[in-house]
1. What does the charge add up to near R95, with Lys and Arg as +1, Asp and Glu as -1, over the other residues with Cβ less than 13 Å from its Cβ?
2. Considering only C-alpha atoms, what is the centroid distance from segment 50-102 to segment 1-45, in Å?
3. For the chain, what is the convex hull volume of the alpha-carbon atoms per residue, in Å³?
4. What percent do you get for the relative contact order of segment 20-91 when only Cα pairs under 8 Å and 6+ apart count?
5. In the chain, carbon and sulfur make up what percent of the accessible area (probe 1.4 Å)?
6. Dipole of the chain (Lys/Arg Cβ +1, Asp/Glu Cβ -1, origin at the Cα centre): which of V69, H11, L130 lies farthest to the positive side?
7. Ranking request for peptides 71-84, 45-58: highest mean number of other beta-carbon atoms within 10 Å first, then the rest in descending order.
8. If I model a spin label as a point 7 Å beyond the Cα along the Cα-Cβ vector, how far apart are those points for A88 and A48 in nm?
Amino acid sequence: MIHVAIIHRPHLDAIVAGAKHVESRLTKSRRDPFGRVAVGDWVFFKQASGAFRAAARVSRVVSREGLVVRDVREIRREFGDEIAAPAAYWRERSRARYATLMWLGEVHEISDGPDYRGAGYRSQSAWHVLDRVDEAQALATLLRMRRSA
């Protein structure tokens, strides 16, 4: 599957620089990408209010549900260095009930990405799962970017 993640510049800079190896989504409710991302999927990263800047293939996924504060602290202790998030991130998500952790392999810098604003688009969502038609276009975009690099 193909996914589009909208993230803030400091986190995207860390992915591009190779300092952030795990993309994490900790939420209070069950929402994408929980249960919808798998090893081998591609994630296109778009900067919030900006352009696409990276694409990565998911090499490992850990999903947990029914979290309590202690579990979030454990996730931070176990994976915090790879997630590379500031203390404020962990404070804001201390009451998360769901966690999706995605290890990023094959990270590529890109300057274009898929059109993710098709059917089912939610403007306030920071994660989009593309349908099959959009997947083909997204992979073509990635291949074109890799060839020009």
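1. For residues surrounding R95, the net value is +4.
2. The distance from the Cα centre of segment 50-102 to that of segment 1-45 comes to 9 Å.
3. 102 Å³
4. The normalised contact order for segment 20-91 reaches 35 percent.
5. The nonpolar share, carbon plus sulfur, comes to 47 percent.
6. Result: V69, furthest along the dipole toward the positive end.
7. My ranking of the peptides, most packed first, is 45-58, 71-84.
8. Modelled inter-label distance: 0.9 nm.
The values are calculated or read from the model by the stated rules, or taken from the named source; none is laboratory data. Predicted, not measured: the structure shown is a model, and the values here were computed from it. We place every Cβ from the backbone using ideal geometry, glycine too, and count neighbours over all the protein chains shown. Heavy atoms of the whole protein, side chains included, go into the accessibility calculation; ligands, DNA and RNA do not. Shrake-Rupley method; radii C 1.70, N 1.55, O 1.52, S 1.80 Å.
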